[in-house]
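Everything on this sheet refers to the single structure shown next.
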Amino acid sequence: MKIGIDLGTRNSLVFIPGKGIVLDEPSVVAVSLSENKILAVGAHAKEMIGRTPDAITVYRPLKDGVIANSKITQAMFRHFISKVNTGINRFIKPELLIGVPAGISSTEKRAVIQSGISAGAKDVFVAKEPILSAIGAGIPINLASGHMIVDIGGGTCEVAVISLGGIVTAESLRIAGDVFDECIAEYIKEKHNLAIGDQTSEAIKIKIGTALKVEKEETMEIRGRDLETGLPKTIKVSSNEICEAISDPLDEIIVCIKGVLRETPPELAGDIMDKGMVIAGGGACLKNIATLISQKTGVPCFIAEDPLRCVAKGTGAVLDNLDVYKKSLMAKR
Ligand SMILES: Nc1ncnc2c1ncn2[C@@H]1O[C@H](COP(=O)(O)OP(=O)(O)OP(=O)(O)O)[C@@H](O)[C@H]1O
Ligand SMILES: [Mg+2]
């Protein structure tokens with residue numbers, strides 16, 4: 001039994017060869033403190049964020065793409081394994097292939113492997129997320145030609161140039177969707193004197209957020225707490241305000257992409273100029289992100305198909321063709 005896992009800061013996906021993606025849930029766990037018991041994992045737990053009594057705590061066990069709470073991560077792994085390993089397979093210990101950020105330290109990598117083993121896996125393999133993301137985006141990574149992938153997730157932005165199945169140059173930035181949300185909340189606090197929750201700022205970003213100013217603005221009514229009166233209040237925000245709110249983290253992402261391009265050997269840079277770079281991860285869904293990046297870098301940009309699922313699909317392709325991708329897997333310890 002082999003299971004591929006995209007352990008994301010925001011979303012975790014599980015892939016089983018022959019079945020495809022069987023689970024796609026927020027990386028959230030709700031724990032009852034009094035009974036020290038896991039109450040819910042995934043979507044159910046996410047609904048509880050910001051709405052729990054004292055006796056319940058909701059955790060996001062991943063931060064910046066790596067494990068911040070190993071006990072809770074283990075609970076999440078155990079949940080995934082039990083959900084997919086049913087019937088007769090229940091007694092077979094699965095092998096896990098887990099995607100990790102390219103810039104992960106060896107301690108962080110060990111934590112991933114250890115959490116998988118403690119959750120009941122027979123063995124844990126790890127592969128770098130940009131490679132998995134590129135495979136899942138349909139990029140033929142084993143060719144002797146340069147390909148560039150930019151994966152903008154919740155916790156990390158990973159930029160990599162890949163050739164012959166390996167990473168040639170890469171940079172991991174711990175700035176991505178979560179930071180966009182924080183900047184939106186900060187902006188609304190400063191400009192409108194309104195405190196809003198994480199889920200509201202994310203909803204604003206998804207509904208009207210844009211990477212470039214637009215002529216035809218969209219607006220959205222949002223609710224929060226007036227910081228002067230302390231009472232609930234509704235206000236209207238518009239696309240270009242959100243564009244302004246997230247411009248700093250977007251600039252940092254552009255600087256990171258430019259840095260990787262500068263370090264790329266000329267032959268490969270030429271290949272990338274020809275074919276363009278591919279954007280994946282949930283951040284690829286931000287309106288006008290491809291236009292912004294290609295304007296700033298001069299390199300054509302394309303959004304991957306199904307960008308939130310590229311890493312999970314990549315784990316699937318690797319599990320289905322282990323001999324082809326052997327050299328793209330990381331050494332285990
Ligand atoms: N339509 C959208 N517009 C803008 N952002 C979006 C959209 N849809 C999803 N996102 C953002 O994408 C992020 C989640 O993406 P993804 O699932 O790829 O991250 P992750 O894999 O969990 O994180 P990481 O790879 O950093 O560990 C969240 O910040 C979410 O708000
Ligand atoms: Mg991801």
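The values are calculated or read from the model by the stated rules, or taken from the named source; none is laboratory data. What you see is a predicted model, and the numbers here were worked out from it, not measured in a lab. Glycine gets a Cβ as well: all are built from the backbone with ideal geometry, and neighbour counts include every protein chain shown.
Please tell me if residue 143 is away from ligand 1 (no atom under 11 Å from the Cβ) and buried (at least 24 other Cβ atoms within 10 Å of the Cβ).
no
Tell me the residue from 284, 290 that is within 17 Å of residue 158 (Cα to Cα), among the small types (Gly, Ala, Ser), within 16 Å of ligand 1 (Cβ to nearest atom) and in contact with an Asp or Glu (Cβ under 9 Å, 6 or more places away or on another chain), please. Among 284, 290, only 284 is within 17 Å of residue 158 (Cα to Cα), among the small types (Gly, Ala, Ser), within 16 Å of ligand 1 (Cβ to nearest atom) and in contact with an Asp or Glu (Cβ under 9 Å, 6 or more places away or on another chain).
Cβ-Cβ contacts under 6 Å between residues 6 or more apart (or on different chains), taken from a first residue in segment 201-212 that is within 16 Å of ligand 2 (Cβ to nearest atom) to a second residue that is of a type in the set (D, E, K, R) and modelled with pLDDT of 95 or more, are listed as 202/181.
Pairing residues of segment 113-131 that are closer than 24 Å to residue 307 by Cβ with residues that are surrounded by 20 or more Cβ atoms within 10 Å (Cβ to Cβ) and among the polar types (S, T, N, Q), at Cβ distances under 9 Å and at least 6 apart in sequence or on separate chains, gives 127/315; 127/328; 128/328; 129/156; 129/172; 130/172; 131/328.
Screening residue 311 against (1) more than 16 Å from ligand 2 (Cβ to nearest atom); (2) closer than 16 Å to residue 150 by Cβ; (3) in a helix (DSSP H, G or I) leaves a single unmet condition, (1). Of all residues in segment 120-142, those satisfying the criterion of being within 16 Å of ligand 2 (Cβ to nearest atom) and either in a strand (DSSP E or B) or among the polar types (S, T, N, Q) (or both) are 126, 127, 128, 133.
Listed by first and then second residue, the pairs with beta-carbon distance under 7 Å, at least 6 apart or on different chains, first residue in segment 222-239 and in contact (Cβ under 8 Å) with a residue 24 or more places away in the chain and in the same structural domain as residue 207 (by TED's automatic domain parsing), second in a strand (DSSP E or B) and of a type in the set (Gly, Ala, Ser), are 224/195; 225/195; 227/195; 233/224.
In the list 176, 211, which residue meets the criterion of being touching a strand residue (DSSP E or B) at 6+ places or on another chain (Cβ under 6 Å) and surrounded by 20 or more Cβ atoms within 10 Å (Cβ to Cβ)? Before the answer, list the steps.
Details: 211 fails: touching a strand residue (DSSP E or B) at 6+ places or on another chain (Cβ under 6 Å).
None of the other options fit; the residue is 176.
So which residues in segment 90-102 are part of a strand (DSSP E or B) and of a type in the set (Val, Ile, Thr)?
98, 100
Taken over segment 144-169, the residue count meeting the criterion of being of a type outside the set (Gly, Ala, Ser), part of a loop (DSSP other than H, G, I, E, B) and within 16 Å of ligand 2 (Cβ to nearest atom) is 1. In summary, residue 286 fulfils each of the numbered conditions (1) at positive phi; (2) within 16 Å of ligand 2 (Cβ to nearest atom) with the single exception of condition (1).
The residue list 97, 39 contains one member that is farther than 28 Å from residue 322 by Cα and either in contact with a Leu (Cβ under 6 Å, 6 or more places away or on another chain) or not acidic (Asp, Glu) (or both), which is 39.
Just to be sure, is residue 251 of a type in the set (Asp, Glu), surrounded by fewer than 16 Cβ atoms within 10 Å (Cβ to Cβ) and assigned by TED's automatic domain parsing to the domain that holds residue 280? Give the derivation first.
On the way: of a type in the set (Asp, Glu): yes; surrounded by fewer than 16 Cβ atoms within 10 Å (Cβ to Cβ): yes; assigned by TED's automatic domain parsing to the domain that holds residue 280: yes.
It is true that residue 251 is of a type in the set (Asp, Glu), surrounded by fewer than 16 Cβ atoms within 10 Å (Cβ to Cβ) and assigned by TED's automatic domain parsing to the domain that holds residue 280.
Against the test of being crowded, with 22+ Cβ neighbours inside 10 Å and either within 16 Å of ligand 1 (Cβ to nearest atom) or of a type outside the set (S, T, N, Q) (or both), the options 270, 224, 314 yield a single qualifying residue, 314.
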